[in-house]
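Student: I'd like to ask some things about the structure below.
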Amino acid sequence: MIETIAVPELTAAEQRGFWRRVAVRGSDECWPWLGGKHSEGYGEVYLRGGRYYAHRLAWSLYTGRGSELDGYLVIHTCDNPGCVSPYHLRRATAADNAQDMVRKGRGLRGERTGMQSSLLTRSGQFAPPVAPSESWEPGLA
Ligand SMILES: [Zn+2]
């Protein structure tokens, strides 16, 4: 399923509801979505009458740039559709995604770490060195 629509900015209450459904773990692990799942394994969220992918909302919360997702995919560098870890998500075009799949098919998995760190450096807003505490809420307070 390809989805390239912008996602809305979440209110504080909506953000709390979102994070209650995430198993926050270390930076080198996937953060499983605990809420409802799409048939393809992607987390899904019903919000204001619409349905959104959890990983797209997660990327938006981490970066504050949900309005910039119009026309873009959010892809997983870990290939785990149920993951919403900020370390494993990046914005991409459909063409990027196709290249990514080709590259992974050739087994060049060693690039993965570099890709993640460049994502977080670019966003400049979300780079916790360790797993956040239970009370931690990224994005807008
Ligand atoms: Zn992951």
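Student: What's the number of the only condition in (1) over 17 Å from SER27 (Cα atoms); (2) of a type outside the set (Val, Ile, Thr); (3) within 16 Å of the ligand (Cβ to nearest atom); (4) without any contact (Cβ under 8 Å) to a residue 60 or more places away in the chain that CYS78 fails to meet?
Tutor: Result: CYS78 fails condition (1) only.
Student: Kindly indicate whether any position in region 82-89 is touching a Leu at 6+ places or on another chain (Cβ under 6 Å) and either within 16 Å of the ligand (Cβ to nearest atom) or of a type outside the set (Phe, Trp, Tyr) (or both).
Tutor: no
Student: Additional query: Can you pull out every residue in region 10-23 that is part of a loop (DSSP other than H, G, I, E, B) and surrounded by fewer than 18 Cβ atoms within 10 Å (Cβ to Cβ)? Give the derivation first.
Tutor: If we filter region 10-23 for residues that are part of a loop (DSSP other than H, G, I, E, B), which is where we start, we get 10-11, 20-21, 23.
Within region 10-23, THR11, ARG20, ARG21, ALA23 meet the criteria.
Student: Here are the criteria: (1) touching a residue at least 12 places away in the same chain (Cβ under 8 Å); (2) away from the ligand (no atom under 14 Å from the Cβ). Tell me which single one ARG51 does not satisfy.
Tutor: Tallying (1) touching a residue at least 12 places away in the same chain (Cβ under 8 Å); (2) away from the ligand (no atom under 14 Å from the Cβ), ARG51 fails exactly one: (1).
Student: Only residues that are in contact (Cβ under 8 Å) with a residue 24 or more places away in the chain and touching a Phe, Trp or Tyr at 6+ places or on another chain (Cβ under 8 Å): list them for region 23-32, please.
Tutor: VAL24, ARG25, SER27, ASP28
Student: I'd like to know if region 18-39 contains one or more residues that are within 22 Å of LYS104 (Cβ to Cβ) and more than 12 Å from the ligand (Cβ to nearest atom).
Tutor: For region 18-39, residues within 22 Å of LYS104 (Cβ to Cβ) and more than 12 Å from the ligand (Cβ to nearest atom): present.
Student: Limited to region 82-115, what total is found for residues that are in contact with a Lys or Arg (Cβ under 8 Å, 6 or more places away or on another chain), at pLDDT below 50 and either within 22 Å of TYR42 (Cα to Cα) or hydrophobic (A, V, I, L, M, F, W, C) (or both)?
Tutor: Of the residues in region 82-115, 1 are in contact with a Lys or Arg (Cβ under 8 Å, 6 or more places away or on another chain), at pLDDT below 50 and either within 22 Å of TYR42 (Cα to Cα) or hydrophobic (A, V, I, L, M, F, W, C) (or both).
Student: Could you tell me which numbered condition GLY43 fails, if it satisfies all but one of (1) free of Cβ contacts under 8 Å to residues at least 40 places away in the same chain; (2) touching a helix residue (DSSP H, G or I) at 6+ places or on another chain (Cβ under 8 Å); (3) of a type outside the set (D, E, K, R); (4) within 16 Å of the ligand (Cβ to nearest atom)?
Tutor: (1)
Student: Another question, if that's okay. Can you pull out the residues in region 39-57 that are of a type outside the set (Phe, Trp, Tyr) and either at positive phi or outside any strand (DSSP E or B) (or both)?
Tutor: Here is the first cut: in region 39-57, the ones of a type outside the set (Phe, Trp, Tyr) are 39-41, 43-45, 47-51, 54-57.
Correct list: SER39, GLU40, GLY41, ARG48, GLY49, ALA54, HIS55, ARG56, LEU57.
Student: Mind counting the residues in region 45-61 that are at pLDDT 95 or above and charged (D, E, K, R)?
Tutor: Of the residues in that region, 1 qualify.
Student: Next question, about the same structure. Testing GLY64 on (1) modelled with pLDDT of 95 or more; (2) more than 16 Å from the ligand (Cβ to nearest atom), one condition comes back false. Which one is that?
Tutor: Every listed condition holds for GLY64 apart from (1).
Student: Same structure, new question: Residue check, CYS78 against (1) in contact with a strand residue (DSSP E or B) (Cβ under 7 Å, 6 or more places away or on another chain); (2) outside any strand (DSSP E or B), all met but one. Which one?
Tutor: (1)
The values are calculated or read from the model by the stated rules, or taken from the named source; none is laboratory data. Note that the coordinates shown come from a computational prediction; the quantities given were computed from them, not determined experimentally. Because the Cβ atoms are built from the backbone with ideal geometry, glycine has one as well, and the counts that use them run over all protein chains shown.
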